[in-house]
Amino acid sequence: MAGDMKVLNALDSAKTQWYHFTAIIIAGMGFFTDAYDLFCISLVTKLLGRIYYHVDGSSKPGSLPPNVSAAVNGVAFCGTLAGQLFFGWLGDKMGRKKVYGMTLMLMCICSIASGLSFGREPTTVLATLCFFRFWLGFGIGGDYPLSATIMSEYANKKTRGAFIAAVFAMQGFGILAGGIFAIVVSAAFEASFKAPAYEVDALGSTVPQADYVWRIILMVGALPALLTYYWRMKMPETARYTALVAKNVQQATADMEKVMQVEIGTEKKDPTVSANTNVKSSNEFGLFTKQFLSRHGLHLLGTTSTWFLLDIAYYSQNLFQKDIFSAIGWIPAAKTMNAIEEVYKIARAQTLIALCSTVPGYWFTVFLIDRIGRFTIQMLGFSMMTVFMFALAIPYNHWTHPGNHIGFVVLYSLTFFFANFGPNATTFVVPAEIFPARLRSTCHGISAASGKLGAMVGAFGFLYLAQPQDKTKADAGYPAGIGVRNSLIVLGVVNLLGTILTTLVPESKGKSLEEISKENDDSSEAGAEEENHSSDNRTFLV
């Protein structure tokens, strides 16, 4: 079979061309929409609380009850987890291209539908919103394994890590775009519809037009993805799927010759060789087999466990943003602002954090991943996150005193930086490289779903865990927890476990996908048996 794979060798050794950058943009728009939506929902929930849960006579603006807030924020995570498993499996069964358009269209439709959530009562509006956000998450989930797999199978082996990381780094631009657009929309509405602060006029602080703000912000996220739909449909199936899974080497060659605009050459096969391909197919083990367990069991354990632990730490960090922003004066007390002004202030603060730490971290990974390797970046990222988390936790009382907030923000930002210049990127890249083509999308989907399970633990488990130990000081509706300091210590231990389990993940820098996944072993076994049948039966290239 090695002779049949001339097209794969051509892909591995291809120079960086325009089609590589086109593929990054086309694949990355799904992640742009993903980050845009997840970023904006934190702004939306504040506004929804003021609009639909206002309590007459209350000293504080309305806010979503804990169970409603958890539903609005968590239902997309549930959809994403389901989508990662389902579309990951489907991508290996039907092909990457056939499934790819489904996920994007689902994301676009549900983004728009989320903004059109209807109902006269708060419960009906939010129930409709949750319904569409589940299916939005389902589409987003499918984009994880498919985008990563397509990019890895299109890329050359020299810059493959950078290309996959660049697709993931589009999340950074999605976060920035979400923040900037929220700033623009809220500023425009604030200028057009003046309103007093909540403490001056509780009812008048939320103008009726505020209901349009959150709808517009959610719906606009669909536009970039919608604009790339045509190009996503024009992409041919990846050569590796066509050649290795669909067993059509000549079609794979023709597709890549068109994409790369080079002459690769076709193979002329002896009929005897075709008959002997059954020998190779006996080595094509499935996911639930002893062969997979012996070859890739530890690899799958490594990718799932590190992604799970990373997302616990990554998503739980968002819990501390409101305290940090309030402490350093970036966000005043809610009662001193009107509803639209609060959206503006929160969007401005979160955009600054994204610009200073999140986005640079992504692109450090893009530029260095093929130079220093995935293993080094992931180990460095987890290690530094551990150090910074303990540095925040152990002297936590010191950071809460006036004048020490800037130091807290610096350490907090560095934690985010090393998450993105570290495991947040590499846990996405590696599962797309180390598994066989016939199981690549499925295994990436399983790894990503494990991460999303960790995100639920981080976002919701720590929401309860980080509550003060004194129940009288806990947020309304929440039981007593272990406090922020102890929660930070737990997160430090989580990151330390991530550092240890990174040792299960192999380095894939500079190797072909077939070499990493040991699909060449299958070929060599088949080839050896083929030669035993007849030394004259060869595949010649013309």
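The values are calculated or read from the model by the stated rules, or taken from the named source; none is laboratory data. Computed from a predicted structure; not experimentally measured. All Cβ positions, glycine included, derive from the backbone under ideal geometry; neighbour counts span all protein chains shown. Note: accessible area is taken over every heavy atom of the protein model, side chains too, but ligands, DNA and RNA are not part of it. Shrake-Rupley method; radii C 1.70, N 1.55, O 1.52, S 1.80 Å.
Tabulated data for the structure shown
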{"read-out": "Residues being assigned to a helix (DSSP H, G or I) and touching a residue at least 60 places away in the same chain (Cβ under 8 Å) - total across segment 186-215", "value": "9"}
{"read-out": "Test set (1) over 26 Å from Y241 (Cα atoms); (2) open to solvent by less than 10 Å² (accessible area, probe 1.4 Å); (3) aromatic (F, W, Y) - F39 fails condition number", "value": "(2)"}
{"read-out": "Flag for V430 being out of contact with any helix residue (DSSP H, G or I) (no Cβ under 8 Å at 6 or more places or on another chain), at pLDDT 85 or above, within 20 Å of Y314 (Cβ to Cβ) and assigned to a helix (DSSP H, G or I)", "value": "no"}
{"read-out": "Residue count for segment 385-403, restricted to those that are assigned to a helix (DSSP H, G or I), closer than 23 Å to Q350 by Cβ and open to solvent by 30 Å² or more (accessible area, probe 1.4 Å)", "value": "3"}
{"read-out": "Residue ID - farthest from Y314 (Cα to Cα), chosen from residues in segment 404-420 that are of a type in the set (V, I, T) and open to solvent by less than 30 Å² (accessible area, probe 1.4 Å)", "value": "V409"}
{"read-out": "Given (1) more than 28 Å from the chain's Cα centre (by Cα); (2) without any contact (Cβ under 8 Å) to a residue 60 or more places away in the chain, index of the condition I340 fails", "value": "(2)"}
{"read-out": "In segment 234-265, the residues that are part of a helix (DSSP H, G or I) and charged (D, E, K, R)", "value": "K234, R240, D255, E257, K258"}
{"read-out": "Flag for T22 being in a helix (DSSP H, G or I) and either of a type in the set (S, T, N, Q) or within 17 Å of P122 (Cα to Cα) (or both)", "value": "yes"}
{"read-out": "Pick from segment 111-130, criterion without any contact (Cβ under 8 Å) to a residue 40 or more places away in the chain and not polar (S, T, N, Q), ranking: least open to solvent (accessible area, probe 1.4 Å)", "value": "A113"}
{"read-out": "Verdict on Y314 being modelled with pLDDT of 85 or more, open to solvent by 60 Å² or more (accessible area, probe 1.4 Å) and not basic (K, R)", "value": "no"}
{"read-out": "Single condition V7 does not satisfy, out of (1) farther than 22 Å from M107 by Cα; (2) surrounded by fewer than 24 Cβ atoms within 10 Å (Cβ to Cβ)", "value": "(2)"}
{"read-out": "Matching residues, segment 448-473, being polar (S, T, N, Q) and within 15 Å of T427 (Cβ to Cβ)", "value": "S450"}
{"read-out": "Residue check, K46 in a helix (DSSP H, G or I), charged (D, E, K, R) and surrounded by fewer than 24 Cβ atoms within 10 Å (Cβ to Cβ)", "value": "yes"}
{"read-out": "Qualifying residue in segment 222-239 (condition: within 23 Å of A449 (Cβ to Cβ) and either without any contact (Cβ under 8 Å) to a residue 12 or more places away in the chain or of a type in the set (A, V, I, L, M) (or both))", "value": "yes"}
{"read-out": "Sole exception among (1) open to solvent by less than 20 Å² (accessible area, probe 1.4 Å); (2) in a helix (DSSP H, G or I); (3) of a type outside the set (V, I, T) for L106, by number", "value": "(1)"}
